[in-house]
Amino acid sequence: MTGSAQPPLLFLDVDGPLIPFGATPQQHPNGYPTYPVPEPQGASANPLLARINPSHGPRLAALPCDLVWATTWMADANEHIAPRIGLPQLAVVIWPDSSDQEEQDERKGLHWKTRALVDWAAGRSFTWVDDEITDTDRAWVSAHHPGDALLHRVDPRLGLTESDFVTLDDWLRRTHQAPTSLGAS
């Protein structure tokens, strides 16, 4: 599937990759870095939004892919997160209602998002960026998705790092045969 006409999809979770959490005081002795952005008047702000690094937006937008929100924030990601980091309105994965299949999958260790993302991709190459991906998800996608796929787990204590961006950019460019990114920082 390398070099297909459509760029790969990048399914992006929010909690963990964009909003880091769960670090110990030893890992972040002064707390998480914050990036205050003025909130619109009358908006009730989620204090965790200040943890989102605004430089992530341009870095994500520069990747050779179509970005898609794959988060329980759903459409709220377009309202509260995209503007903070300079992203346009993105497509949003709408999660199916819970089913008996989902309960069986969870007992086997398959993440509840996995089947829905493979269905959404419909054979198109994709990467999934989340903090809850396991080897069970990787094996299931490998067996059930005909396109290329990279399931990239982000450490939720750190959120997206330079190393994550390098890994994603390299994989996306190899998959889509896009020229190497210039100016990535």
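Scan segment 153-164 residue by residue and report those that are farther than 18 Å from residue 35 by Cβ and assigned to a helix (DSSP H, G or I).
Taking segment 153-164 and keeping what is farther than 18 Å from residue 35 by Cβ, we get 153, 155, 163.
Answer for segment 153-164, where residues must be farther than 18 Å from residue 35 by Cβ and assigned to a helix (DSSP H, G or I): just 163.
State all residues of segment 165-184 that are open to solvent by less than 90 Å² (accessible area, probe 1.4 Å) and either assigned to a loop (DSSP other than H, G, I, E, B) or at pLDDT below 80 (or both); if no residue qualifies, say none.
178, 181, 183, 184
For residues that are open to solvent by less than 50 Å² (accessible area, probe 1.4 Å) and of a type in the set (A, V, I, L, M, F, W, C), scanning just segment 144-164, find the one that is nearest to residue 31 (Cα to Cα).
Restricting to residues being open to solvent by less than 50 Å² (accessible area, probe 1.4 Å) and of a type in the set (A, V, I, L, M, F, W, C), the top hit is 160.
If only one of 127, 136 is in contact with a Leu (Cβ under 6 Å, 6 or more places away or on another chain) and loosely packed, with under 15 Cβ neighbours inside 10 Å, which one is it?
Checking each option against the conditions leaves just 136.
Regarding segment 144-161, can at least one residue be identified that is without any contact (Cβ under 8 Å) to a residue 12 or more places away in the chain and under 18 Å from residue 61 (Cβ atoms)? Lay out the reasoning, then the answer.
Taking segment 144-161 as the starting set, the residues that turn out to be without any contact (Cβ under 8 Å) to a residue 12 or more places away in the chain are 161.
Still in the list and also under 18 Å from residue 61 (Cβ atoms): 161.
Taking every residue of segment 144-161 in turn, at least one turns out to be without any contact (Cβ under 8 Å) to a residue 12 or more places away in the chain and under 18 Å from residue 61 (Cβ atoms).
Quick check on my filter: what residues within segment 5-31 are at pLDDT 90 or above, in contact with a Leu (Cβ under 9 Å, 6 or more places away or on another chain), open to solvent by 40 Å² or more (accessible area, probe 1.4 Å) and assigned to a loop (DSSP other than H, G, I, E, B)?
21
Restricting to segment 121-139, count the residues that are out of contact with any helix residue (DSSP H, G or I) (no Cβ under 6 Å at 6 or more places or on another chain) and farther than 14 Å from residue 13 by Cα.
Number satisfying all stated conditions: 9.
Identify all residues within segment 35-65 that are surrounded by fewer than 15 Cβ atoms within 10 Å (Cβ to Cβ), among the charged types (D, E, K, R) and modelled with pLDDT of 90 or more; write none if there are none.
Residues satisfying the conditions do not exist here.
The values are calculated or read from the model by the stated rules, or taken from the named source; none is laboratory data. All figures in this text were calculated on a predicted structure; none of them were measured in a lab. A quick note on method: Cβ atoms are made from the backbone with ideal geometry, for glycine too, and the neighbour counts reach across all protein chains shown. Heavy atoms of the whole protein, side chains included, go into the accessibility calculation; ligands, DNA and RNA do not. Shrake-Rupley method; radii C 1.70, N 1.55, O 1.52, S 1.80 Å.
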